[in-house]
Each structure stands twice: as structure tokens, then as C-alpha cells.
1. Confirm whether Thr87 is among the polar types (S, T, N, Q), surrounded by 14 or more Cβ atoms within 10 Å (Cβ to Cβ) and outside the structural domain of Ser220 (by TED's automatic domain parsing).
2. Any chance the stretch 153-167 includes a residue that's free of Cβ contacts under 8 Å to residues at least 60 places away in the same chain and either acidic (Asp, Glu) or over 13 Å from Val278 (Cα atoms) (or both)?
3. Pull up the stretch 178-233, narrow it to residues that are touching a helix residue (DSSP H, G or I) at 6+ places or on another chain (Cβ under 7 Å) and of a type in the set (S, T, N, Q), then point me to the one that is surrounded by the most Cβ atoms within 10 Å (Cβ to Cβ).
4. Would you be able to say whether some residue in the stretch 250-262 is touching a residue at least 40 places away in the same chain (Cβ under 8 Å) and over 25 Å from the mean Cα position of the chain (by Cα)?
5. Between Ile211, Ile219, which is at pLDDT 95 or above, under 20 Å from the mean Cα position of the chain (by Cα) and assigned by TED's automatic domain parsing to the domain that holds Ile294?
6. Do any residues in the stretch 102-124 that are of a type in the set (Lys, Arg) have Cβ atoms under 9 Å from those of residues that are part of a strand (DSSP E or B), where the two are at least six apart or on different chains, and which pairs are they?
7. Report, by residue number, each residue of the stretch 201-228 that is within 21 Å of Ser168 (Cα to Cα), of a type in the set (A, V, I, L, M, F, W, C) and in contact (Cβ under 8 Å) with a residue 60 or more places away in the chain.
8. Which one of these does Leu3 not meet: (1) at pLDDT 55 or above; (2) part of a loop (DSSP other than H, G, I, E, B); (3) under 30 Å from Ala124 (Cα atoms); (4) out of contact with any Cys (no Cβ under 9 Å at 6 or more places or on another chain)?
Amino acid sequence: MRLLTAALAATAAVVLTAPAAAHAQDPSEPPSNPSLTVRSGASKGTGRLTPIAGADRVVAPLGVDPACPAKLEIGMRSDARKPSYATMSVEVTAPLSASRSMLTSYLPPGYELGAKLLIAVPPATPQGEYALRLKTPDRTLSVPVQVVTLDQLDNGGNLALRRPVTASSQHTNANYPPCSIADGDSGSNGWAGGNGWNDATSRAWPDTVSIALGGAKQISRVDLYTLNTERYPASSVGLRDWDVQAGLNGQWQTVAQVRGNTAGSVRSDFAPVTADAVRIVALASNGANDYTRIIEVEVR
């Protein structure tokens with residue numbers, strides 16, 4: 001497991017992400033810094049180091065692509081009276097495994113350290129509840145991890161959630177797994193770090209990405225989210241033109257078309273059809289280097 005350490009100034013909040021540049025950087029290149037965040041706050045002066053988690057439970061479905069494990073934001077807050085090095089251990093019930101076993105940093109009083117934790121579920125894992133434990137010298141925080149099958153997963157009406165994804169190609173410069181377009185995270189902040197797909201064929205079209213729905217379903221709507229941040233707006237690097245196709249038994253039909261898009265997300269509604277898969281056929285992007293960049297696809 002990787003040991004992550006961040007040196008912080010005692011008087012300023014720090015965000016350890018790629019800094020703004022005076023010139024445009026290719027968003028398909030890997031970020032220069034890890035996505036570790038630090039937030040300032042008022043110390044309570046208790047002297048305690050408190051573990052924190054971004055959710056009160058984690059749902060980890062079986063049978064998903066190993067490149068897209070369950071994830072959770074974790075961290076710790078220092079309420080010490082003076083700056084010090086803070087350490088938290090991370091444990092998860094076997095056979096589950098976590099992407100890190102420890103989190104450590106120099107923290108001023110009142111500051112919070114945050115980091116992304118990935119939880120892998122081996123294919124033969126029995127269904128049921130497991131435990132994630134975040135331990136500091138002062139406290140242990142337990143977060144339940146519920147292992148379920150894809151058919152048991154509460155998808156909120158999104159038929160694509162956690163379903164198998166295949167793509168025409170995948171950029172290798174950073175972490176752009178095709179499965180991430182169906183992981184339920186439509187935000188662009190995790191770009192190049194496992195949240196979002198970037199193809200490998202600059203200025204070569206079409207690019208395709210397909211989601212198997214786990215059987216024939218009636219669908220009438222597809223929402224597509226493309227890369228869209230303050231540094232990398234959709235109008236400059238996002239997907240511009242694409243077709244939405246519905247498939248049944250290997251036969252594809254185009255049910256919607258999008259042209260000239262400059263927004264971060266587009267909803268496509270169409271007459272209900274029965275399909276066991278959905279495919280996005282990417283035709284052009286807004287960037288000079290013209291890659292396909294998709295954050296999430298939802299099917300309803």
C-alpha cells in the first residue's frame with residue numbers, strides 16, 4: 001500500500017491537486033499530483049485525532065470490473081493544540097481489500113485530511129455485511145460494507161449502473177477505465193484518476209462504448225456526462241457529436257443524435273424501445289486533439 005504524506009503550511013488551506021497553469025494542458029495526460037485534499041477549520045482543542053468518512057455505509061457489488069472497485073472518501077481531523085504528524089490505519093474485513101492501509105500527514109490544529117479509498121471485492125466473496133475500520137490512537141470509526149449482486153443493487157432507476165462496459169479503445173497515459181462511465185459518479189473531479197473514459201485514437205472516429213443492461217429492458221432516455229471542469233470546460237475538450245444506439249440481440253438502432261454540444265451533460269429522450277444494451281457512437285469532440293472523453297452514461 002502506498003504511504004501518502006502531505007506537508008502543509010500552518011496558516012493556509014491546501015488542495016493537493018494539479019495546479020492551474022498559464023497554458024492549456026492536455027487533459028488526457030496524467031495529473032501531476034495525487035488527489036489528496038486538506039481543509040482548514042477551527043480546532044476544538046480536545047487533543048484528539050478523529051477519523052472521518054464521506055458516507056455512513058458502502059455498497060460493493062459483486063461481478064464488476066476490477067478496474068472500478070467501490071470507493072469512499074476517508075480522512076481525519078486534528079483537534080490538537082499544536083501542529084503534529086497524524087496517522088490513521090485502514091482495515092477491512094477479508095476477503096475484501098483496501099487500496100491503502102494507512103493515511104498520514106502533518107496537520108495544523110483543526111485541519112482535515114481527505115483521500116479516496118478503493119475497496120476491492122474478489123469474485124467468490126459471499127454476499128453480506130463486512131466492516132471497514134478507520135483507526136487513530138483516539139478513536140475507531142466503523143463503516144459497514146454491504147456486498148451485493150448486481151441484480152440486488154439499488155440503481156435508483158439507472159439501468160446502466162455498474163453494468164459491464166466495453167469500449168473501442170482506452171488511453172494508457174492515466175487511469176481511464178471504460179467501466180467508470182457506469183459507476184454512478186457523474187462528476188469530473190476524478191478525471192484521470194479512475195473516473196471517466198478517454199479513448200486512445202486522437203482525431204480518429206468513430207469511437208464507441210457499450211453498456212450491457214443485464215437482459216432486455218424498456219428504455220426511453222440516456223443521459224451522457226462529458227468532461228467539464230473549470231480548467232477543462234466541455235466547450236473546449238468535451239464530446240460534441242454523438243449517436244445514441246439501443247441494441248437487442250446484437251442488432252443496433254440509432255434512437256437519438258446529439259450535434260454541436262458544448263455542455264457538460266445532455267439528456268436524450270426517445271420513444272420507448274426494448275434493448276439489452278446501449279451504445280454511444282462518438283463522432284467529434286470540441287478539443288484540438290479530439291479525443292472522446294465521457295464521465296458517465298445513465299440509462300432509464
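The values are calculated or read from the model by the stated rules, or taken from the named source; none is laboratory data. Please read these numbers as outputs of a predicted model, since none were measured by experiment. Positions of Cβ are backbone-derived with ideal geometry, glycine not excepted, and every protein chain shown enters the neighbour counts.
1. The answer is yes for Thr87.
2. Yes, the conditions are met somewhere in the stretch 153-167.
3. Thr226
4. no
5. Result of the check over Ile211, Ile219: Ile211.
6. From the stretch 102-124, the pairs are Lys116/Leu36; Lys116/Lys71; Lys116/Leu72; Lys116/Glu73; Lys116/Ile74; Lys116/Gly193.
7. Trp205, Val209, Ile211, Ala212, Leu213, Val222, Leu224, Leu227
8. It is condition (1) that Leu3 fails.
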